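Heads up, the thing below is written out as structure tokens.
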Amino acid sequence: MQYVLIDAHQRFLGTYKSEKSFSVGDTFDNHNDQSFTVIGLNWKQGGGNQGQSLTVIPTNTALKTAT
């Protein structure tokens, strides 16, 4: 599934492809080794088109590995 990544200010950050279903609080690393935490799920339907976007915040990798 292809997800659109947006930040808390509704700015486009990129896309992410994953077969995983995400929940609020999940973390993941994209292909650029950037880490994100999911803070919102946005499912849109209409006219036969479905869109999935994740509202995310950057996660500090150093903090994630230290815990």
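The values are calculated or read from the model by the stated rules, or taken from the named source; none is laboratory data. For clarity, every value in this text was computed on a predicted model and none was experimentally measured. Quick reminder, even Gly has a Cβ in these numbers, built from the backbone with ideal geometry, and neighbours come from all protein chains shown.
Considering region 12-27, the residues that are among the hydroxyl-bearing types (Ser, Thr, Tyr) and closer than 13 Å to Val56 by Cβ include one that is surrounded by the most Cβ atoms within 10 Å (Cβ to Cβ), namely Tyr16. The residue list Asn30, Asn49 contains one member that is at pLDDT below 95 and surrounded by 12 or more Cβ atoms within 10 Å (Cβ to Cβ), which is Asn30.
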